[in-house]
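So the structure is just underneath, and the comments pick up after that.
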Amino acid sequence: MTNRSLMAKRLNKRQQREQEELQLLQSTQPKEEIAPQVSEGEGEENQTTSGPVNAFAALGGDDAEEDEEDEEDDTPAIMVKKSKKKKNKKKKSTTITLQEYEEEDASTAAGTPSKGGKKKKGKNDPFAGLDEVDRALAELKLQYGEDKDAQAGPSRTAESAGEARSTMAFRNLLSVDPKNLDADAELRRFFGSKVITSSAQSGPNKHRPGPSAKLRYTISKPKPTYPPATSLAGLIMREMIDTEVDELYERRERQRVDKGEKWFTFEHAGAWREIERQFMGAVRSHDPNELMALLQVYPWHVDTLLQMSEVYRLQSDIGAASDFAERALYAFDRCLMPSFSVSSGASRLDFDRVENRPMFTALHRIISYLGRRGCWVTAFNFAKLLYALDPENDPHGAVFWLDFLAVKSGNGSWLLSMLEQGDTSPAAASWFAYPGMAYAKALALRAEEESTKNKDHTKSDGALQEAITDFPQVVTLLADKTGASLPEGARSEPLFQVEAGYTDAPSNVVHLLSHIYVSRSEALWKDEKRIAWFSAQVKLALPKLNEPDAKAARDDILALVQSPRDPLDDELSVPLYICRHVLCSESTSWLGFLPPAITSRPFHAYDPLPPTTATSVYDNAYFSGVRQSGRGGRGDGSGGGGGVMMDFVGRVFDLVQANPADWQDRVMGAWRDLTGRREFQGVPQQERDNVFQAVMQLAGNVAQGAPGATGEAAQQGAGTGAGGMPGGFPGAAGAEDSDAE
């Protein structure tokens, strides 16, 4: 039976009771008294039970409440609305009341909230109507209470709100969508999924078992050719506590501007440190084959992967070099905390810790390799991620990629937005000291004007002229690369002169950055319209070069670009982060700009130029507590020993060299001894087979007189003959042993 039927039946019974009561009253009182008492009942409040006012009081139940509602009808007009609402809910004696009751019942039965419920929900949300920034500020205020700025007065509160808005805007610009870190997805957009899929399936390792496609990943997509994602025990990530973050800023002598950022660090547990000891032993062997043997046992050791990436790069095998770098990044990806979010733009990584620096190096190399593949959007997002890990310090100079990649990938508007943050963000303010950013700004403005079909080019013309007067070192280089004509007498202008190497002049660093920008961005200027535009603006800017404003701007630029980020920067004409960028880049033409204090230092591909402020390196403190083992161990905890695997590799070398014609049985006997040890009991059989194949290949190379599978390239990379490890500095191999102490 429906609610409507129940309500109608209830009303019929009440009407019957009313009629019976009226008949009873009429039978007990004279007719002439009935009418006056009914009509005048409103003024006779002190009637006895025989009076007609509470005629239905004897019925009890619901009717007793209805009598009170009858009396409420005589209340003033201001209360009428409220009393009618209450009356409608209880009496339901009119047609409108019945309809409201049915609508309320129907909404309740359907599970939808009533009007009252909606109103209550709105009251429970104190931030309704606020935009994203104001809502975030209000939630922080609710969580942490009023801060000192709020107590200081409205002016300081407004200032703090402005700072919060600017830092949030800066973080939003650093946000990276993980979908844009997939190079294959970008290639599919250009060439189609069938072409990319068939190319991936035609590789030599297409049948090799790899990571499951269901594995979680954030910044590095696993490939089918990868080995199973094992042997990552010991590499963990954690979020740094506030005292550690405060100490970080104090160590760098900087003020923390954005308190909404989160700092993280990787850590190496005991098992990983033992692998690191074996890796250091392989590095000291100066033989890449030992690195490969180690990688067969520990296929996800990031330092070994990065070192092998450099080995293959020196052999001009860019595909293999890129693969090893991406594997190193995937190893980090597997250990990321859920709270480490690249899409938030607020996740930072402490570069001062040796456990974190390989991730910076892997990202940097991947950016270069993606450019070779033409994946400009993916490369741009990786560069933005590298920059976002430590934007104020920018230890790998990601900004020197962003000036080119932002324009090349069609993200010029992002670059312009970042430059607008220069007034409030110290990280963005440093961009005005880089020649690449000034010229990229002009290109971005020009592209924006052309996309909107705006014929007024005042902004882009002014930006290019300003770039020319601020950074005249670019003009001749860019003109030579693009074939642009310069005004008569321009090449004789002292400010347009080109420097090709290191000098003691303070402006030498600007010349280096100009070479870097032109080398990468020349293709952006080779369009005929761009060449004509450039030539015209050089002619207009030439008379302004020696104006006081231009001179003052160049002085400010030199002071800003030489602002120290590392204590060693006070002694260098080229800051350490720019030197590190040069060393991690593929081009060797820029090495001549580096100061002698840098080129004379030992250099390793797995940790290029550790910062002076480093809080951890591979030294005694790092290896403290790790058991001593290994052939030729130094006994000082510095990682000189190579561990069990390195002992075995050394034994293989000895056996093969002692009898090159009959080594197989001896090596197999040594292998049986090795696999019988307790350390290898838990190694899966598939991994054992892979290691055995690598060992036999290594032994065969030694027997054939080719102890280094990468011999010639390795020698070229080290610059010292057969004793150098790839990735070393020319003339610096002799200092490698002291670097890890």
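Taken together, the values in this text are just the output of simple stated rules run on the coordinates, not laboratory data. From a predicted model like this one, the values you see are computed outputs, not experimental measurements. Please note: Cβ atoms are built from the backbone with ideal geometry, for glycine as well, and neighbour counts cover all protein chains shown.
Things worth noting here:
- Applying 0.36 nm per residue to the separation of residue 262 and residue 420 and subtracting their alpha-carbon distance, the gain on full extension is 54.5 nm.
- Least to most buried among 225, 588, 265 (fewest other Cβ within 10 Å first): 588, 225, 265
- Cα shape, the range 526-594, gyration tensor, a/c 1.5 rule: oblate
- One chain, two ends: residue 549 and residue 704. Fully extended at 0.36 nm per residue, the span grows by 48.9 nm beyond their Cα-Cα distance.
- For the pair residue 678 and residue 175, label points projected 7 Å from Cα toward Cβ lie 5.4 nm apart.
- Along each principal axis, Cα extent of the range 411-564, largest first, Å: 46, 42, 30
- Simple spin-label estimate for residue 620 and residue 493 in nanometres, 7 Å along Cα-Cβ: 5.9
- Taking other C-beta atoms within 10 angstrom as a stand-in for reagent exposure, 280, 168, 359, 668 fall in the order 668, 168, 359, 280, fewest first.
- Out-of-range pairs (alpha-carbon distance over 20 Å; input 455/481; 262/384; 481/529; 179/221; 179/526; 179/453): 455/481; 179/526; 179/453
- Summary value for the range 411-564: 27 percent relative contact order, contacts being C-alpha pairs under 8 angstrom separated by 6+ residues.
- Inter-site label distance for residue 559 and residue 540 at 7 Å from Cα along Cβ, in nm: 3.0
- With the charge dipole of the range 411-564 set up from +1 on Lys and Arg Cβ and -1 on Asp and Glu Cβ about the Cα centre, the Cα lying farthest toward the positive end among the listed residues 458, 557, 428 is that of 458.
- For residue 348, the residues 5 or more places off, or on other chains, whose built amide H falls under 5 Å of its own are 262, 263, 264.
- Footprinting exposure proxy for 675, 612 (fewest neighbouring C-beta atoms within 10 Å first): 612, 675
- A Förster radius of 35 Å combined with the Cβ-Cβ distance from residue 480 to residue 191 puts the calculated FRET efficiency at roughly 0.55.
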